[in-house]
Amino acid sequence: MSELTITVIRLGFLAVLWLFVLTAISVMRSDLFGTRTAGVRPAPVPAPRPAKPVKIKPSKRNAPSKLVVTAGTLTGTTVALTEAQVTLGRAPDSTIVLDDDYASNRHARLYPSNGEWMVEDLGSTNGTYLDRSRVEQPMAVALGVPIRIGKTAFELRK
Amino acid sequence: MSSSAPSVASASVNSRRMTELFLLIFAWGLSVAAYANAGYGVTNEWPPGLVGYAVTLGAYSLVAHLAVRQFARYADPIVLPAVMLLQGLGLALIYRLDLDDKSPSERSFGPLAPRGDSGIQLIWAAIGILLFVAVLVVIRDHRLLQRYTYTAGAAGLILLAIPALLPAQYSQVNGARIWVRFSGFSIQPGEFAKLLLIVFFAGYLVVKRDVLALASRRVLGIDLPRGRDLGPIVLAWLASLAVLIAERDLGSSLLFFGVFVVLLYVATERTSWLFFGFIMFVSGAYFAYQNFGHVHRRVEIWLHPFKPEYVTDASYQLVQGLFGFSTGGILGTGLGQGRPNIVPYANTDFILATGGEELGLTGLMAIIVLYGVIVHRGLRAALAARDSFGKLLAAGLAVILALQVFVVVGGVTRLIPLTGLTTPFLSYGGSSLVANWALVALLLRVSDAARRPAPPPAPTTDAETLVVRP
């Protein structure tokens with residue numbers, strides 16, 4: 001093999017190797033934002049099921065898109081909100097499995113109703129607090145208002 | 001839960017499996033190119049088994065990809081291609097060393113794939129991928145592992161202790177007693193103990209972290225834990241010292257203690273644990289340096305590798321590796337153009353020196369960034385995981401990989417004393433490769449759970465829900 005060919009192959013291989021690395025990194029970058037917003041997108045086929053009474057009003061400007069844990073052992077955990085309810089508790093099938101001695105197995109749930117997210121206490125021992133008031137019956141949750149369960153706090157964000 | 005994947009919610013979430021497939025094909029192409037390049041560089045003709053090799057490697061990627069598609073649909077799309085590329089590069093480098101080391105009859109080619117060390121490594125890779133698939137199939141939910149916290153801990157310790165208890169003729173290779181040798185066949189149980197102990201650490205710390213996070217006094221801005229809470233860290237320290245003394249395995253002992261301390265920190269959010277861990281590490285290291293000949297020797301070699309009495313013997317390997325790096329320079333000599341086989345154990349401990357010589361600093365950086373990408377994705381999975389055990393498990397797996405790469409790269413480049421750990425996925429060696437494939441499977445399992453859209457509403461049994469009164 002000539003000197004030139006060797007050099008071309010050598011540099012070419014390194015270039016393609018780095019191309020792979022950079023591709024992987026660009027996938028990572030798109031991934032940081034990609035799935036989050038994709039998960040939030042209101043279901044793409046809203047039309048075929050008009051009879052369903054409970055439904056988020058699509059494309060409401062400041063509708064919450066995620067539930068963020070702001071205090072407690074799970075701080076930083078984010079759950080993208082879809083049409084499904086979000087259950088909070090220590091039971092392993094909860095959407096967010098709380099690791100909090102002051103939480104009950106099935107502590108509370110968040111569900112969408114008429115374009116708003118409601119929080120409902122499921123008969124927990126220590127109660128659920130929306131900001132400072134105890135949740136006795138389902139209450140609407142505004143953006144950025146902390147929901148407190150034991151040592152854990154959540155809030156809705158855009 | 002895993003059976004209810006195709007729900008309304010999941011339809012709108014991109015699982016990114018096509019991205020993974022694209023990256024896998026890219027990685028496959030690069031691996032085959034590296035292999036062909038290495039063969040052509042040394043012998044000036046295309047490797048005879050090239051097509052068979054390409055097909056084999058493609059089949060490996062396809063099997064792993066289909067398994068992820070089927071059993072961990074939402075898992076991270078980057079980890080598997082990065083791992084495949086590292087393994088492909090490793091195989092190409094091992095094959096390249098075979099070409100110089102083995103006599104033509106030893107490396108005579110089968111119709112499908114190479115023989116020699118790279119052929120054996122190819123078989124180990126197949127076993128590793130089968131284990132990868134098996135882990136994904138058997139462990140459908142990583143929380144299952146939490147049930148076996150103490151079982152995993154006991155099994156891990158036993159695996160770790162086996163080589164120390166066996167007679168030296170069955171366990172000792174080049175000074176380190178970390179092997180179990182049968183007739184012509186040897187494994188390192190410590191590689192598997194690594195995974196089991198991480199499961200144990202994660203399960204244990206989930207339960208005990210509230211206690212360990214208690215701080216009693218604040219001295220000089222550091223929260224000092226109570227004396228009795230120091231128990232676990234002291235035990236971990238003693239165990240890793242025992243590994244060091246009984247098995248003469250510097251690397252593993254450092255790895256276990258490091259992972260435990262980092263997980264303590266992750267679980268309790270107390271920097272004081274890092275502080276304590278560091279002090280204990282330094283005192284332990286100093287004690288070992290003073291009292292054990294093999295540790296003392298390693299440090300001496302590290303500090304004075306070019307001393308005339310070491311260069312031809314004790315530090316020969318390290319120094320030849322350094323010469324390899326310097327020959328490679330920024331851009332390397334090109335695959336097959338260098339002489340990396342001068343370094344003893346070039347295809348295990350010093351595979352990075354081979355890479356550094358033939359791919360140069362540029363190629364070495366790419367390899368290190370690939371490890372960084374895998375570790376980053378592991379830590380992302382830990383951040384996104386919805387349960388504490390998953391968080392600690394993913395963090396532990398990512399950290400042990402990072403530590404191992406740091407210790408190996410640091411040792412080979414003389415940043416820290418050489419310890420003789422394997423380079424994950426690159427080095428020749430079955431146990432390490434197979435165990436690391438299992439590690440990747442666990443990481444993808446946690447990642448799948450973390451990235452899966454919120455589970456569809458549990459069958460609403462709210463009415464008869466039993467509330468446990470704590």
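The values are calculated or read from the model by the stated rules, or taken from the named source; none is laboratory data. Treat the numbers as computed from the prediction; the structure is a model and nothing was measured. Here the Cβ is made from the backbone with ideal geometry for all residues, glycine too, and neighbour counts use every protein chain on show. The protein model used for the area step is the full one, side chains on, heavy atoms only, and it has no ligands, DNA or RNA in it. Shrake-Rupley method; radii C 1.70, N 1.55, O 1.52, S 1.80 Å.
Annotations
- Out of B:ALA382, B:ALA395, B:ALA402, sole residue that is modelled with pLDDT under 95, in contact with a helix residue (DSSP H, G or I) (Cβ under 7 Å, 6 or more places away or on another chain) and in a helix (DSSP H, G or I): B:ALA382
- Residue within the stretch B:303-325 that is within 14 Å of chain A (Cβ to nearest Cβ), open to solvent by 40 Å² or more (accessible area, probe 1.4 Å) and in contact (Cβ under 8 Å) with a residue 24 or more places away in the chain present: no
- Boolean, B:GLY360 is in a helix (DSSP H, G or I), open to solvent by less than 10 Å² (accessible area, probe 1.4 Å), in contact with a Leu (Cβ under 8 Å, 6 or more places away or on another chain) and of a type in the set (Gly, Ala, Ser): yes
- Residue within the stretch A:109-119 that is surrounded by fewer than 19 Cβ atoms within 10 Å (Cβ to Cβ), outside any strand (DSSP E or B) and at the interface with another protein chain (Cβ under 9 Å from one of its Cβ atoms) present: no
- Any hit, the stretch A:25-46, residues being modelled with pLDDT of 80 or more, under 30 Å from B:ARG270 (Cβ atoms) and of a type in the set (D, E, K, R): no
- Screening A:VAL145, A:VAL69, A:VAL135 for residues that are within 18 Å of the chain's Cα centre (by Cα), surrounded by 18 or more Cβ atoms within 10 Å (Cβ to Cβ) and of a type outside the set (S, T, N, Q) leaves exactly one candidate, A:VAL69.
- Odd one out for B:MET365, checked against (1) surrounded by fewer than 23 Cβ atoms within 10 Å (Cβ to Cβ); (2) touching a helix residue (DSSP H, G or I) at 6+ places or on another chain (Cβ under 6 Å); (3) of a type in the set (A, V, I, L, M); (4) within 9 Å of chain A (Cβ to nearest Cβ): (2)
- Single match in B:ILE342, B:ILE351 (criterion: away from chain A (no Cβ under 14 Å) and free of Cβ contacts under 8 Å to residues at least 24 places away in the same chain): B:ILE342
- Some residue of the stretch A:71-85 being facing chain B (nearest Cβ under 9 Å), modelled with pLDDT of 85 or more and closer than 30 Å to A:ARG134 by Cα: yes
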